[in-house]
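**Student:** Sharing a structure here in structure tokens format.
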Amino acid sequence: MNIPKPTSLIHERQQLWWRQILDPSGETVNKWNRIFFVICLIALFVDPLFFYLLRFMPGRNCLAVEYHLAGILVITRCIVDLFSTLHILIKFRTAYVAPNSTVFGRGDLVTDPDRIAVRYIKGNFVVDLAAALPLPQCVVWGIMPMPMSQSRTSNRVNHAISFLIILQYIPRLIIIFPLNWRIIKNTGAVAKTAWTGAAYNLILYLLASHVLGAVWYLMCVSRIFRCWSVQCRHEQQLTSCSNPFLDCLTKGPKRDAWYNTTSVFTICDIKANQFNYGMFAIALHDNLTTANFFERYFYCLWIGLKSLSSYGQSLETSAYPSETIFGILVCIMGLLFFSLLIGNVQTYLQSSTARLEEWRVKRRDTEEWMRHRQLPPNLQERVRRFVQYNWLSTRGVKEEEILQDLPLDLRREVQKHLCLDLVRRVPFFSKMDHQLLDAICQRLVSSLNTKGTYIVREGDPVNEMLFIIRGQLESSTTGGGRSGFFNSITLKLGDFCGEELLTWALMSSSHLNLPASTRTVRCITEVEAFALRADDLKFFANQFKRLHSKKLQHSFRYHSHQWRTWGACIVQAAWRRRRRRKLADELTRHESMLYVDEEDDEDDAASDRASTESKSVTTALLAKRFAAKTKKGISQRVRLARAAAESASQIPKLFKPDEPSF
């Protein structure tokens with residue numbers, strides 16, 4: 001027994017793709033439904049064009065069929081019918097949801113081909129088949145090539161085609177409504193954008209006008225031909241008139257002799273006012289029935305559009321029941337379609353400006369609130385600037401609400417796509433692994449701040465760590481309010497502030513009180529950033545032990561402006577201590593030199609006293625006291641110089657930042 005290999009089974013399944021059962025809510029079926037929906041609209045547009053096949057030939061006063069237009073319409077109709085046939089085949093291979101399994105969730109799909117076929121045949125198969133039958137093509141191919149006979153006249157052929165078109169138009173309309181419902185059920189809407197939805201409703205309105213215009217033209221031709229037929233019967237005994245003479249297919253001496261003696265066309269002329277054409281009189285005044293196809297089509301489209309828009313008030317009907325019924329239908333359809341058009345277009349256009357209108361209402365409420373609370377002008381201007389900047393950045397879309405409605409895995413992927421590249425721009429985060437970065441991306445929230453806004457002030461508790469994505473911040477400190485100390489730096493793209501919070505989170509003995517800020521942070525320009533809150537940082541510190549690594553510790557110290565400032569102050573203090581020691585050494589050396597000079601002077605004085613006995617002991621004692629006082633004054637001056645140097649070299653002490661227990 002030969003067991004087929006898995007690769008051969010896969011190859012066999014790929015070859016038998018036409019046997020696959022399609023998911024009714026899958027991508028393939030959804031795309032096909034949209035394509036077939038457009039095909040159905042084209043079919044609804046093409047079928048009424050068969051009504052324009054009849055035309056009165058100018059100069060001959062006879063009814064003719066435009067065969068070249070019939071050929072184009074037959075080819076187009078065949079292509080549409082092929083799509084309808086393909087749609088029937090697809091529905092035989094499309095699964096359905098079992099009705100008894102929809103109690104909870106989506107329900108179970110029935111993929112058995114036999115059950116699918118039985119259900120489809122009992123359901124919509126008859127309607128789909130009736131809409132796909134090529135009945136007008138059969139009339140054109142079967143009746144038109146026949147030789148001229150009593151049953152084959154242009155009027156009878158047109159009546160047969162028109163009857164089949166109207167008969168098939170009903171199932172085509174029945175098909176399009178459930179198809180539209182399925183598209184809305186699977187994708188949410190037929191049109192994906194507001195302007196597309198407005199254009200779609202306008203196309204439906206124009207399609208209804210197109211159908212009414214074509215029916216109006218067909219009735220106009222029938223009314224003129226009816227007048228000819230009635231007058232032909234009246235003078236049948238005088239001129240041997242017969243209905244075939246009214247057709248352009250009839251040629252010969254009899255027809256020419258009748259044409260030269262008949263008064264049918266004179267009596268049926270609109271200028272004679274002997275026949276009431278009712279709402280079709282305008283067509284005879286404008287010679288519509290003898291014009292070419294494009295002139296007839298656009299004229300009738302305008303008639304249909306005008307009739308729908310005016311609810312049929314522009315139609316002046318006669319007493320004929322057909323005209324009266326047509327006028328009633330036009331009035332009802334105009335009221336219905338025009339209301340749907342205005343309502344749907346307004347809905348679609350309002351949906352496109354709903355966010356803008358919501359923002360305008362919010363801005364108006366903000367202005368009223370600020371006036372009611374009597375806020376100062378500068379504070380009002382800051383509020384307006386923030387509202388404007390927030391609108392320009394988000395367009396009124398609340399990202400947090402959208403993300404919260406997504407599943408956890410999808411939310412993680414979306415936040416990773418939005419934040420990962422921006423987070424990697426921060427040098428502190430570039431040292432972390434992918435798992436930790438993914439976790440950070442899930443907790444990051446966007447933060448928008450306008451120019452002049454204070455993010456945090458020195459001494460206030462720090463509740464979030466901010467990572468700059470766009471804009472500039474000014475970070476300054478006074479060393480805890482000490483006089484004579486001020487340090488200021490500029491934070492740009494890739495920098496961060498609020499590092500006290502990370503130090504607090506990494507401490508194992510951290511309490512509930514948040515750390516106090518050692519710096520004042522103010523926006524120089526509009527700033528966009530990501531914020532990491534205190535609870536999230538504490539969660540990362542407890543969950544990921546890699547945050548306690550020495551490598552991350554050095555990276556944090558290197559990129560932290562607080563540690564940089566402290567290091568700079570330490571270097572500056574060491575330099576000043578060196579200068580102070582150097583100055584003290586110079587003063588000591590100068591003092592020793594002065595002392596040596598004084599000793600030499602004392603020795604010289606003693607030798608002089610020994611050689612000269614003329615000086616008294618009193619003078620020597622006075623000289624010794626004077627020398628002692630001089631030495632004491634010099635020592636005092638040295639001490640004062642040292643004290644001045646020490647006081648000049650002292651700077652306010654900046655405490656070392658708390659170092660986490662890495």
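The values are calculated or read from the model by the stated rules, or taken from the named source; none is laboratory data. All values reported here derive from a predicted model rather than from experimental measurement. Counting neighbours? That spans all protein chains shown, and the Cβs are built from the backbone with ideal geometry, glycine included. Each accessible area value is taken on the protein alone, full model and side chains, heavy atoms only, with ligands, DNA and RNA left out. Shrake-Rupley method; radii C 1.70, N 1.55, O 1.52, S 1.80 Å.
**Student:** Amide H of Q472 versus every other amide H placed in the peptide plane: which residues, excluding those fewer than 5 positions away on the same chain, fall under 5 Å?
**Tutor:** Correct list: I524, T525.
**Student:** K251 to T394: FRET efficiency via 1/(1 + (r/R0)^6), r the Cβ-Cβ distance, R0 60 Å, to the nearest 0.05?
**Tutor:** Computed FRET efficiency for K251 and T394 comes out at 0.20.
**Student:** So which of K31/K398; K398/K492; K91/K122; K185/K416; K31/K192 end up more than 24 Å apart by C-alpha?
**Tutor:** Numbers: K31/K398 31 Å; K398/K492 26 Å; K91/K122 13 Å; K185/K416 31 Å; K31/K192 13 Å.
Too far apart for the 24 Å limit: K31/K398; K398/K492; K185/K416.
**Student:** Using a 1.4 angstrom probe, figure out how much accessible area the range 50-134 has per residue, in square angstrom, rounded to the nearest whole.
**Tutor:** 53 Å²
**Student:** Quick one: how many Å² of I72 are accessible to a 1.4 Å probe, rounded to 10?
**Tutor:** 100 Å²
**Student:** Something else now. What is the ratio of the Cα radius of gyration of the range 252-378 to 2.2 N^0.38 Å, with N the residue count, to two decimals?
**Tutor:** On the way: Rg = 28.6 Å, N = 127, 2.2 N^0.38 = 13.9 Å.
With N residues counted in the range 252-378, Rg over 2.2 N^0.38 Å equals 2.06.
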